[in-house]
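Just below is one structure, and these are the notes that go with it.
The values are calculated or read from the model by the stated rules, or taken from the named source; none is laboratory data. Keep in mind that this is a model prediction, so the values were computed, not measured. Using ideal geometry, Cβ is built from the backbone for each residue, glycine included, and neighbour counts are taken over all protein chains shown.
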């Protein structure tokens, strides 16, 4: 960019009453309509936040130090900013806005900071956990569209903790993926595997996010759950999880991930189902096994896009904003 050719509006007389409009004016040359709109609203809300709270210099300095600490603790396997977004409820809100679900489809929830791309592609019936201390669990699921038709060849990512409440990436001595896998649904939309019954666990709370939770008198625990991610061209990508109904933290999830439709029962495994899916050796200890069944329903990309556009325009119209959809996202309608 040749800075000598940049034309900026004149800004003068900087004070608490003029700084917001002056800042927006300086950013008004942004050629990307969506980016320009998002940045304009960000500036407005940040400045209004400072005005409404009468934010002090000391408080803002403390906030900057906190965000600096969040960034400094991030690594390839620990994303503290995702954790911060989660505990502030922002992750769930953004997912709900960006991936709206019509009635009778599976709702999404937070990704969390422990998804990786190193899961091995396995065949149906694979035991995905090496943890011998975990309670054995058989998982049988289906994937269908909103018309009830099975969807085959869906790539399904699955991940869970070990019996101690830790993901594989939290173990320094890990020798490969554990408690996670990828598999494809069959022609009947079915996928099934063996795992261990999930347990509740604390999110990492030895860093700045943990200190924040302590400061506002919140616990760091998540209820027992298992993560699922579904991906197939033509369908809106779904990131979700299912949660144990009887977990003590089911109504106080630290990252706000629990939705009523995602709460499930882990049932005793019956002999007939065990005979179809377990080895003879595994059936000898039938009473130790639990069963999880769940029917996932995916939304087409076209359905999701239409619903997202309609929801966006309705919400912004309610705020008194005249908007239009540009590249699938709302921008001001200035025509």
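Here are the numbers:
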item	result
Residue in segment 8-29 that is touching a helix residue (DSSP H, G or I) at 6+ places or on another chain (Cβ under 6 Å), over 30 Å from residue 171 (Cα atoms), in a loop (DSSP other than H, G, I, E, B) and at pLDDT 90 or above present	yes
Residue in segment 280-293 that is assigned by TED's automatic domain parsing to the domain that holds residue 187, free of Cβ contacts under 8 Å to residues at least 60 places away in the same chain, touching a strand residue (DSSP E or B) at 6+ places or on another chain (Cβ under 8 Å) and more than 28 Å from residue 144 (Cα to Cα) present	yes
Residue that is farthest from residue 83 (Cα to Cα) [pool: residues in segment 226-264 that are in a strand (DSSP E or B) and either at pLDDT below 95 or more than 13 Å from the chain's Cα centre (by Cα) (or both)]	235
Given (1) assigned to a loop (DSSP other than H, G, I, E, B); (2) more than 27 Å from residue 143 (Cβ to Cβ), number of the condition residue 212 does not satisfy	(1)
Sole residue being in contact with a helix residue (DSSP H, G or I) (Cβ under 9 Å, 6 or more places away or on another chain) and assigned by TED's automatic domain parsing to the domain that holds residue 218, chosen from 70, 87	87
Residue within segment 209-221 that is under 20 Å from residue 292 (Cβ atoms) and surrounded by fewer than 20 Cβ atoms within 10 Å (Cβ to Cβ) present	no
Strands (runs of 3 or more DSSP E) within segment 265-335 that include 2 or more residues on the phi < 0 side of the Ramachandran plot and modelled with pLDDT under 90	323-326, 329-332
